[in-house]
1. Condition check: surrounded by 21 or more Cβ atoms within 10 Å (Cβ to Cβ) and either in a strand (DSSP E or B) or at pLDDT 95 or above (or both). Does residue 543 satisfy that?
2. Give 601, 595 a once-over and let me know the one that is within 9 Å of the ligand (Cβ to nearest atom) and buried (at least 24 other Cβ atoms within 10 Å of the Cβ).
3. Mind telling me which of the residues 42, 80, 56 ends up being touching a helix residue (DSSP H, G or I) at 6+ places or on another chain (Cβ under 9 Å) and in contact (Cβ under 8 Å) with a residue 12 or more places away in the chain?
4. Has the range 103-117 got any residue that is outside any helix (DSSP H, G or I), away from the ligand (no atom under 16 Å from the Cβ) and in contact with a strand residue (DSSP E or B) (Cβ under 9 Å, 6 or more places away or on another chain)?
5. Of the numbered conditions (1) over 28 Å from residue 300 (Cα atoms); (2) in a strand (DSSP E or B), residue 213 fails exactly one; give the number of that condition.
6. Take the conditions under 25 Å from the mean Cα position of the chain (by Cα), within 16 Å of the ligand (Cβ to nearest atom) and outside any helix (DSSP H, G or I) and apply them to residue 495. Does it pass?
7. If I go through the range 253-265 residue by residue, how many of them are in a strand (DSSP E or B) and either out of contact with any helix residue (DSSP H, G or I) (no Cβ under 7 Å at 6 or more places or on another chain) or surrounded by fewer than 16 Cβ atoms within 10 Å (Cβ to Cβ) (or both)?
8. Consider residue 602 carefully, then state whether it is assigned by TED's automatic domain parsing to the domain that holds residue 706 and in contact with a helix residue (DSSP H, G or I) (Cβ under 6 Å, 6 or more places away or on another chain).
Ligand SMILES: *Cc1c(COP(=O)(O)O)cnc(C)c1O
């Protein structure tokens, strides 16, 4: 069938079809099968509302989930074409930023797989976050064009019209099918401004910020370092939630009285929190009293918190609401009255004395569930960050440790390992991930240890050729692959890794040679207005080229900073990792999911006791993980007492001083830019808000111990086996089953 269809669409000429024509043929064959798939039904519909869905390329995954991948690959091969051409041509939707968006994507996959009646709701972004390119060792932002060829995004006839302040706009629904494992699908519904004007983007990611009715869905997270940018972001959230709420009311129009019975809305962080206000507004228009409307939303909404970074908790000036829709201001003030009746503590106020609206407060008071995303994170929320709320509503707080979909991060990204696991323990783990445990029985089997090392080497070889092809860089496949891939942020401490590499460079120059070369991979975008994050990128790129030019150091050490880190790059990097760098300052990383992906693929974790690292360490035991650094309670205490002094470390620790001063050495300044390097140098000595230097010695010692351990190859393999075997807990199927049972109260398979 497939063979005939492909031949028919390409006029019997697969051999000479243009890549575009071939891609369209494969796309249409695949889409036709998806159309015929059944949607899940159920009494209560779950709406997963999120500003981001970092779904990754869809074609290969969908073909695999449909079970037609091999037949299509075979057909193309018979006609002299390679399926990887077509896979490479498939655009990666640019709809997210980092872990929060990737989580939403994994969740949709699991919602479909578990047969839950649920959908994703969000926005289309024409040029995504931005596309990162490197010029003169600097990050430069350009637009990420992904909608220029036929894609998985399907335009619908469903439109909603409403006012943004005094401008009339039309919001149009688009759909993307998301397939689960074995024949089920769900839908991601994304709204777009009908009057969007792509030509507004002039240079890089610059555009006329004043024309809200034509710029609103150009980029995810417009630069919010200016007042105009902030207002735009606010308008974007309003547009998203207004569209999503309009859709929900439209779909359930004959059941508005009992909406809380048929609908549950999970908001992914506070970006969609305005929907709480909008639902209250609608219910009142429908004839409900204010009290009734409040009681209804309170039964409908559940909130996921993703951060304890105070600066990341959203607060909007009341005046923005006033400018958007006066009715919302009335609602906010009445909600604050309700809160006053429960508690006068300013820590739990929605509206503060500076007339700012705290979106997290709104979300906690007027939902029935607030969850953290890893057990340590939830503990910190309950015992310190959100303690005032947890004391008021102890029953609302709960933990849902994040997860990842094994379909993408094991089956698809690492078919060799998947097949090997099937040979050893059967394929039950594909539906029930904890069955991976059975693999632990082989941890002392030397044959299996060797096989695991061989598979890892195959994946490293694959990464080497991928890096050669995409970045034009040669990498030594026998070096240790040390991987830190995640958004660039000081709390994630890429700068700690940077200081380690500088330290290692000096040690090599002094004749202390490592037993084996190490390649340090980075993949990371910095927010366009985040100056220090961009300085860290600059320092790493500059150092990379200094090392490359040093005839001795370059034999032992290499930095590969992949450009424009995204899901497709992650799919190549993760199976190849030996060392998984999870080195955030303890208490700051809510969960992390990159740590889970790398563990599942047999990388060993080098990490602090932060986020889900704590659970990883519990599962594999202290002998199979490399933990360093100060504990979260110590760190929290240091913040409370202003007890951390970076300069003290700089002045009393010779290794630290040497590494930091290298940033502004003659060698670095000749290759790099004075402004960026000296700013970073100054920041590390005089501020260092995320306490890089606190853990420096322990990090160096632990990483060196890890590199030594790597030399006992069979023992290392044993640790890999223990890590792979215990990764089952981190399947997003487990996470979503818990959301379904404990929050949403819906059935699942
Ligand atoms: C998993 C993933 C992330 C999240 O990584 P963390 O290490 O958990 O911050 C970010 N971006 C992409 C592309 C991912 O696949």
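1. Yes.
2. It is 595.
3. 56
4. Looking for residues that are outside any helix (DSSP H, G or I), away from the ligand (no atom under 16 Å from the Cβ) and in contact with a strand residue (DSSP E or B) (Cβ under 9 Å, 6 or more places away or on another chain), one finds at least one in the range 103-117, hence yes.
5. Looking at each condition in turn, residue 213 falls short on (2).
6. no
7. 0
8. Spelling it out, residue 602 is indeed assigned by TED's automatic domain parsing to the domain that holds residue 706 and in contact with a helix residue (DSSP H, G or I) (Cβ under 6 Å, 6 or more places away or on another chain).
The values are calculated or read from the model by the stated rules, or taken from the named source; none is laboratory data. If you're wondering where the values come from, they're calculated on a predicted model, not measured in any experiment. All Cβ positions, even for glycine, are placed from backbone atoms using ideal geometry, and neighbour counts span all protein chains on display.
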